[in-house]
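First up is the structure itself, then whatever we jot down about it.
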Amino acid sequence: MVDIDRNYMRLALQEAKKGIGRTSPNPCVGAVVVKNAKVAGRGYHKKAGTSHAEIHALQAAGRKAKDATLYVTLEPCNHTGRTPPCTEAVLRAGISRVVIGMLDPNPGVAGGGARYLSSQGLTVSTGVLEQECREINLPFIKHSGTGRPWVIMKAGMSIDGRIAALPGQATKITGKQSWRRVHVLRNQVDAILVGIGTALTDDPSLAARLQGSSGARDPLRVVLDAALRMPDSATMLQQESTARTWIFCAKGADRKRRSRLEAAGAVIKTVPLASRGELDLKAVLSALGQAGVTSLLVEGGSRVHGSFLESGLVDQLLLFVAPTFIGGQGVPLATFSVGKKRSRLPQFKLIKTRRYGEDVLLEGRFFNTI
C-alpha cells in the first residue's frame, strides 16, 4: 500500500505543479481520485479565489468518487475562506479514504482538516511524499509562518564572480539557454526586485518574455530607490504590461519626483532607512508579504545582493556561471562588509547543478528561515 500511495501522490504532485506561479497567496495543490486501482479524476488549484484542487478532482470523478480514495498534496481545508471548506465536499462525494502529502503549515489550521475527516469515519493517512510536497510550496510555507516572501537571489556571472565588465556598464555574460530559463522563472514568481543602480544602467523591462506561451504573465516589478532617481521614461513604466511597478523610497524623497513617477503609473511605497542609510529590507519584504507576494526574485545589482546576504534574508540562490573571465575591474556578484563581530560568513548548501548550454546553474539554499 505504501508504494501504491506514493505512486498516486506523484500524480497529484504533477497536477500541483501546473499551478506554480499562479496561486499566490494560496499554495499549489494537486489532487487525484482513485477507484478500483484506476484514476477517476484529477485536478489542481488554478488561482486564488477559485475552486481548490479537491473540488476539480471530485467533479471530474463524478459518481465514481463514492468509496474511492482521494490523494491530495496538501491537507484539505476545514474552514471557510474565499471558497467553502473542501472537507465538506469530500464528505458529500462519499470518499472513504484520504491520503495527504503534508499538513497545512498555517499554525491556526494545521491538522484540522485531517482530524475532521477522521472524526467523520474516513481513513486518513498523512506524510506521503511530504518532502516533495513541501518543496513545491516553500514560498507558501515561509509566507504562512513569517508573513514575508521566499527570497531567491539570481545572477548571471563570469567564472571569476563578476556580473558586469565595468561599473555602470550592462554586460551580456550568459547564453540563450540561461536567458530562457530566467524568463521561465520570472513567469513563476510573484515579484522581481532590482536596485536603482541596475534600473539606471540596464533600463530593464523586468518582464517574462516567453515565446509561444499564451499563459505567460509578468511579475510585480520592485525597485529600491531611496531618493527616487528613477526617470518616468524608464522602460518598465512605459511598456505594455498588466503588472505594476512598485518603487520603495525613503520618507524624505522629493515630492515632485514622486508625483512624476506616480503619473507614469508607478506605485510609491515609503519604508524606513536601516542603520547604514539604506532602505530597510525587512520592511520592504513585510510590505510585499502583506500584499500577498509569496515569492520574490532578487536580480541585483551587486550592492542589493550584498545587502540581502548581509541581512540574512536570502532563502535560495541561483547562479548562472558562464565559462568566461572578466577580471578585477569587473563588478562583483555581491558587495558587503563582513564586520569584525561577524563570526560566520553567509553560507549556503549546494542543492544541485545543471547545464544550460555552455553555462552551469548552481542552486543553493540558505537555512535562516525554515
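Of the residues making up the stretch 278-296, those that are touching a residue at least 24 places away in the same chain (Cβ under 8 Å) and farther than 24 Å from ASN106 by Cβ are GLU278, LEU279, LEU281.
Identify, by number, the condition in (1) in contact (Cβ under 8 Å) with a residue 40 or more places away in the chain; (2) out of contact with any Gly (no Cβ under 7 Å at 6 or more places or on another chain); (3) outside any strand (DSSP E or B); (4) within 17 Å of TRP246 (Cα to Cα) that LEU313 doesn't meet. For LEU313, the exception is condition (4). Out of curiosity, is VAL284 under 25 Å from PHE140 (Cβ atoms), within 23 Å of the chain's Cα centre (by Cα) and in a helix (DSSP H, G or I)? Yes: the conditions hold for VAL284.
May I ask you to list the residues in the stretch 5-36 that are modelled with pLDDT of 95 or more and aliphatic (A, V, I, L, M)? MET9, LEU11, ALA12, LEU13, ALA16, VAL29, ALA31, VAL32, VAL33, VAL34, listed by residue number. Among the residues making up the stretch 94-126, a single one is out of contact with any Asp or Glu (no Cβ under 7 Å at 6 or more places or on another chain), in contact (Cβ under 8 Å) with a residue 40 or more places away in the chain and closer than 18 Å to LYS64 by Cβ: ILE95.
Only helices (runs of 4 or more DSSP H) whose full extent lies in the stretch 52-143 are considered here, and none of them has at least 2 residues that are under 29 Å from the mean Cα position of the chain (by Cα), charged (D, E, K, R) and more than 16 Å from ARG6 (Cα to Cα). Regarding the stretch 154-169, can at least one residue be identified that is open to solvent by 30 Å² or more (accessible area, probe 1.4 Å) and under 26 Å from ALA48 (Cβ atoms)? Taking every residue of the stretch 154-169 in turn, none turns out to be open to solvent by 30 Å² or more (accessible area, probe 1.4 Å) and under 26 Å from ALA48 (Cβ atoms). Pull up the stretch 105-115, narrow it to residues that are surrounded by 19 or more Cβ atoms within 10 Å (Cβ to Cβ) and either in contact with a Ser or Thr (Cβ under 8 Å, 6 or more places away or on another chain) or modelled with pLDDT of 90 or more (or both), then point me to the one that is nearest to PRO25 (Cα to Cα). Here the answer is PRO105.
The values are calculated or read from the model by the stated rules, or taken from the named source; none is laboratory data. Being a predicted model, the structure only gives us computed values, none of them experimental. In this analysis, Cβ positions are derived from the backbone assuming ideal geometry, glycine residues included, and neighbour counts consider all displayed protein chains. Remember, those area values only see protein heavy atoms, side chains included, never the ligands or the DNA or RNA. Shrake-Rupley method; radii C 1.70, N 1.55, O 1.52, S 1.80 Å.
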